[in-house]
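The block underneath contains the structure these notes are about, expressed in structure tokens.
The values are calculated or read from the model by the stated rules, or taken from the named source; none is laboratory data. These numbers were taken from a predicted model, which means no experiment stands behind them. Backbone-built Cβ (ideal geometry, glycine too); neighbour counts: all protein chains shown. Only protein heavy atoms, including side chains, enter the accessible area calculation; ligands, DNA and RNA are left aside. Shrake-Rupley method; radii C 1.70, N 1.55, O 1.52, S 1.80 Å.
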Amino acid sequence: MSGTTAARRGLRLARVGGVDVHLDRSWFVIAVLTVVLYGPILWRLYPELGWLNLVVAFGFALGLAVSVLVHELAHALVGRAAGWPVGRIVLTLMGGHTTFGAVRASPGSTAVVSLVGPIANVILAGIGTAFMILAPAQNAGPGWALLQLLVLANWILGLFNLLPGLPLDGGRVVEALVWRLTGSESKGTTVAAWSGRGLAVLVLVWVVFQGLWRSPITLLITLMIAAFIFTGASQALMQARVLERVRPLRASAIARPALEFSPGTALSLVDASVLAATSQGYTGWTPDVVARDAASGQVGVLSPQRAATVPDNARGDTPVGKVMEWSPVSAAAPADERGDDLLRRLELNGFPWVLVLDPERTVVGVVHHRDLARHITGR
């Protein structure tokens, strides 16, 4: 599934197609469940293998992770082709997700990027099914059983993710369709989120009517799936409400005033300039002191805490760049950027603030994360 929440934990596995692939620690939970669930089944089928059946079951867990990776790579590569900045791919307990940077997507690109993940799994499943049909019957064995499991898993991954509700990829397609029809992204998200909640309820109903609650492991897995869908849909619904509230805002309208200096400017000169502008020094952080470093491609906002640690007799020799909080140049936004895009830029990248630039690329102010939070909460 494509997503927007960046993982902050786990292992960096590799870089595939220019995209970082991470393994969240929660993946090991599903790996253990896979071995516990399928190990005994394989043991009954191939008792002569003994403990090797657990190795085969773990091989299924690894194969499933590769199938998820193919799914997410499809999202990432098509998203990049659509002009979306790709963050990373994270393999998790419930499969995986691809994070993208701040983008102004369209209904069409959203639908296409969402569909390619499930389609990739359906293609893998189709290839595996064709191979099993055409291969000689004497290929039966633990390797054959593993292939059957992986083919089935890819059919499930592909078709299940096409179900029409968030946070599944099919929900993104519903979101895009409603968005196209109404012209409102938030309305599309709302409809798709409620559809996702309905799917979660249907999963629970299916568990009851199929009697799956009699198997503790099967019950646990289906409950995890239902909880995942319901929670993801609820988060999307909350996000839609927040984005709708801040969408009318513009970066220039909520930006705090700023004074820009070169990184090498002496801190004592900055002190004098701020005092002349406000008569109160750094109290209240108004205006913000900002700088841009062309050499490193970074932008910075002065940290009053760091500035306060520099003694008076050293401020004339201390460049303001030494007491800045630096961020990548992507922590800068045009003055007419909408509030919803501004919020995505802040949250997806983990920025505490964003510099606001006019058409001539002059700094006109700074928007801090808490500035948007005040508009969201009304406090």
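Observations
- Computed in the context of the full set of protein chains, the accessible area of the chain at 1.4 Å probe radius has 65% of its extent on carbon or sulfur.
- Cα-based helix-to-principal-axis angle, 267-278 vs the chain, degrees rounded to 10: 80
- Computed FRET value (nearest 0.05) for residue 208 with residue 238, which takes r as the C-beta separation and R₀ as 25 Å: 0.30
- Placed amide H near residue 325: partners under 5 Å, 5+ positions off or other chain: 301, 302, 303
- In the elastic network of the chain, a GNM with C-alpha springs shorter than 10 Å, the most mobile of 193, 226, 295 is 295.
- Added length on full extension, which subtracts the Cα-Cα distance from 0.36 nm per residue, residue 326 to residue 36: 99.6 nm
- Space enclosed by the convex hull of the alpha-carbon atoms of the chain, per residue, Å³: 180
- Across the range 144-292, C-alpha contacts under 8 Å between residues 6 or more apart give a mean separation that, scaled by the residue count, equals a relative contact order of 17 percent.
- Cα-based convex hull volume of the range 317-379 per residue, rounded to whole Å³: 107
- In a reduced charge model with +1 at each Lys and Arg Cβ and -1 at each Asp and Glu Cβ, the chain shows a dipole moment near 620 debye about its Cα centre.
- Charge tally for residue 20 (other residues, Cβ to Cβ under 10 Å; Lys, Arg +1; Asp, Glu -1): +3.
- With a simple spin-label model that places each label point 7 Å from the Cα along the Cα-to-Cβ direction, the separation between residue 131 and residue 219 comes to 3.7 nm.
- Convex hull volume per residue for the range 175-275, taking Cα atoms only, in Å³: 191
- Relative contact order (%) - the range 269-376, alpha-carbon pairs under 8 angstrom, separation at least six: 18
- Residue 351 exposes around 20 Å² of accessible area when a 1.4 Å probe is run over every protein chain in place.
- Principal-axis tilt of helix 52-81 within the chain, Cα atoms, nearest 10 degrees: 50
- Stretch gain in nm, segment residue 272-residue 62, where the contour uses 0.36 nm per residue and the Cα spacing is subtracted: 69.5 nm
- Spacing of the modelled spin labels on residue 25 and residue 375, each 7 Å from Cα toward Cβ, amounts to 3.7 nm.
- Once the Cα-Cα distance is subtracted from the 0.36 nm per residue extended length, the residue 260 to residue 360 segment shows a gain of 34.6 nm.
- Per residue accessible area of the range 41-105, 1.4 Å probe, in Å²: 45
- Relative contact order of the chain, defined on C-alpha pairs under 8 angstrom at six or more residues apart (%): 13
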